[in-house]
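What follows is a single structure, written as structure tokens, with notes after it.
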Amino acid sequence: MRPRPIRPRMQPSTFAAISSVLVEGFQVDAAAVSPESALDQLGLDSLALMEFVFAVEDRFGVRIPEERLDPRQAGVTLAQLATLIDEAVALKARGDG
Amino acid sequence: MASAAAAPVAVTGSGVVSPIGIGIAAFTDAVFAGRSAVRAHAIDLVGLDVPLVPVAAADFDAAAVTSPSRVPLDRATAMALVAADEAARAAALGEGSVAGERLGVYWGSGMAGASTFETTLRTVYVEHRRMRPTSVVTTMPNAPTAELAVRFRARGAALAYACACASSAVAIGEAMRAIRAGAIDVAVVGGSESLLTPGVVAGWQAMRVLAPLAPDVSADAAARACRPFAADRAGFALGEAAAAFVLESIDHARARGASWHWQLTGYASNCDGVHITNPDAEGQVRAMRAALADAGLAPAALGHVNAHGTATLAGDVAEAASLVAVFGAHRVPVTSTKAIHGHLLGAGGAVELLAAACALVAGRLPPTANTASVDPAFAIDLVTGSARPAPELRHAMSSSFAFGGTNAVLVASRCE
């Protein structure tokens, strides 16, 4: 099943951390990284995209449920990824994550 | 002997990452000096009776190597890329040197990604981390082959050979055959192995084939742990390495103006078909004779053998008997460079061919380090002490006799 749409309401600090993972860990040009950038337009293949999401999850110590995100799906933006991370962090802080 | 030989294949470039040196110049220097890289190494595992083993590690930073496929690299794959880059530079193999469909990759490794797999499983079982999405492609046996194919845009056959300690010798020989047969014009060939993680090292130690070290062993004694063909031999050290060559048909090499100093002239492989570990002199003799016949050479034409020479009790007995059977009264000078770089497993055939090529090019025979005198039971001319001048050297052999019974023998010849 396709993950349901994500309405982006991310924290700027979350986006900044995700950007640094992309630039430092995956050699993506910083100029190409904005909240509106789509994951599938970053020049990473599907395997690298999944490694990237793993790296972001590890950075925040959370997991995004598979049914919430498939990074290979066309058009998913970095802002949407950041929003999912914020949700997972909030869930974890409440103690049910 | 009348030359019934098949065509030689040019070796237009070489590269190496090894415990005794990174790059051809450093490697050559250490080979002739007989400088050992073997050290005492503590296995970081609980419950071992013998925690200290002899190991030859390469001074190599895998983190500095980028994967052409942008996936995490196994250490051996990183070594393979660096060695192959050196070989390609030496061969001036640039874009447009060869059509992609005419370029192959033939690569050998005994256990390829086993050390990465071990490390990954450790994080899963001990640290309760996840398997990563790239764990399969990092550890699959053809990972080095695939990364090399992407690096060089090779679109001919890209084949991974796994026949334990004969893997890279087989890979080189099979590439030679493919070039002779006209299937490809050029091949990036060789082998890589890096298995110095605790579990794999402990596995080798458990077979009791590694040279024993006293708990208070000195650095000097550890460096001399491996003594091939000596009466007091006691086993080998594990090492890690990659060696690469650019093989090329003579016509293709000439047409693009490449230069080369030595070429491959003979190859044979077979199997003992007898036992999973015990070597069998009969199979080794057949392999050496077949490789000589492939090169169109009589035994007396050979001036040097870089032996398999593992320094195990049984292994050296079988090999000495094989050498006597093949070369008889000719008493070809024999070296085992395993004394200094350790047993490189799947990379061994490629690295030892490189050492034999160093001898051909320099007209000198490397010594068998650590062995003061040959076991009197062996009627072979072992090169001991220091390098021996051999200005007339024209043809050399490198032998690899593997677990599983696979024997692979390569013959290399100096160009006039």
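Observations on the model:
A quick yes/no check of all residues on (1) in a strand (DSSP E or B); (2) without any contact (Cβ under 8 Å) to a residue 24 or more places away in the chain:
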{"residue": "B:A7", "(1), (2)": "no, no"}
{"residue": "B:T12", "(1), (2)": "yes, no"}
{"residue": "B:V46", "(1), (2)": "no, yes"}
{"residue": "B:V50", "(1), (2)": "no, no"}
{"residue": "B:A58", "(1), (2)": "no, no"}
{"residue": "B:A78", "(1), (2)": "no, yes"}
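- Qualifying residue in segment B:336-348 (condition: over 28 Å from B:L196 (Cβ atoms) and among the β-branched types (V, I, T)): no
- Restricting attention to segment A:54-79 and to residues that are within 14 Å of chain B (Cβ to nearest Cβ) and touching a residue at least 40 places away in the same chain (Cβ under 8 Å), the residue that is surrounded by the most Cβ atoms within 10 Å (Cβ to Cβ) turns out to be A:L69.
- For segment B:373-389, the count of residues that are at pLDDT below 95 and either among the hydrophobic types (A, V, I, L, M, F, W, C) or out of contact with any Pro (no Cβ under 8 Å at 6 or more places or on another chain) (or both) is at least one.
- Residues in segment B:126-142 that are within 13 Å of another protein chain (Cβ to nearest Cβ), in a helix (DSSP H, G or I) and in contact with a helix residue (DSSP H, G or I) (Cβ under 9 Å, 6 or more places away or on another chain): B:S135, B:V137, B:T138.
- Within segment A:4-28, the set of residues being within 14 Å of chain B (Cβ to nearest Cβ), out of contact with any helix residue (DSSP H, G or I) (no Cβ under 8 Å at 6 or more places or on another chain) and either over 23 Å from A:A48 (Cα atoms) or outside any loop (DSSP other than H, G, I, E, B) (or both) comprises just one member, A:E24.
- Listed conditions (1) within 14 Å of another protein chain (Cβ to nearest Cβ); (2) of a type in the set (S, T, N, Q); (3) closer than 18 Å to B:A187 by Cα are all met by B:S97, apart from (1).
- Matching residues, segment A:29-53, being within 22 Å of B:A64 (Cα to Cα), surrounded by fewer than 18 Cβ atoms within 10 Å (Cβ to Cβ) and within 11 Å of chain B (Cβ to nearest Cβ): A:G43, A:D45, A:L47
- Flag: B:A25 matches the condition of being away from chain A (no Cβ under 14 Å), assigned to a helix (DSSP H, G or I) and either without any contact (Cβ under 8 Å) to a residue 60 or more places away in the chain or β-branched (V, I, T) (or both).
- In this structure, B:V31 does not qualify as assigned to a strand (DSSP E or B), touching a residue at least 24 places away in the same chain (Cβ under 8 Å) and closer than 30 Å to B:R364 by Cα.
- Per-region count, segment B:103-129, residues exposed (fewer than 14 other Cβ atoms within 10 Å of the Cβ) and basic (K, R): 1
- Residue in segment B:65-75 that is more than 14 Å from chain A (Cβ to nearest Cβ) and either under 30 Å from B:R256 (Cα atoms) or surrounded by fewer than 21 Cβ atoms within 10 Å (Cβ to Cβ) (or both) present: no
- When segment B:53-63 is limited to residues that are away from chain A (no Cβ under 14 Å) and among the small types (G, A, S), the one that is surrounded by the most Cβ atoms within 10 Å (Cβ to Cβ) turns out to be B:A56.
- Residue check: B:R177 meets all listed conditions (1) farther than 28 Å from B:V11 by Cα; (2) surrounded by fewer than 24 Cβ atoms within 10 Å (Cβ to Cβ); (3) touching a residue at least 60 places away in the same chain (Cβ under 8 Å) but one, namely (1).
The values are calculated or read from the model by the stated rules, or taken from the named source; none is laboratory data. Fair warning: this is a prediction, and the values are worked out from it, not measured in the lab. Glycine gets a Cβ as well: all are built from the backbone with ideal geometry, and neighbour counts include every protein chain shown.
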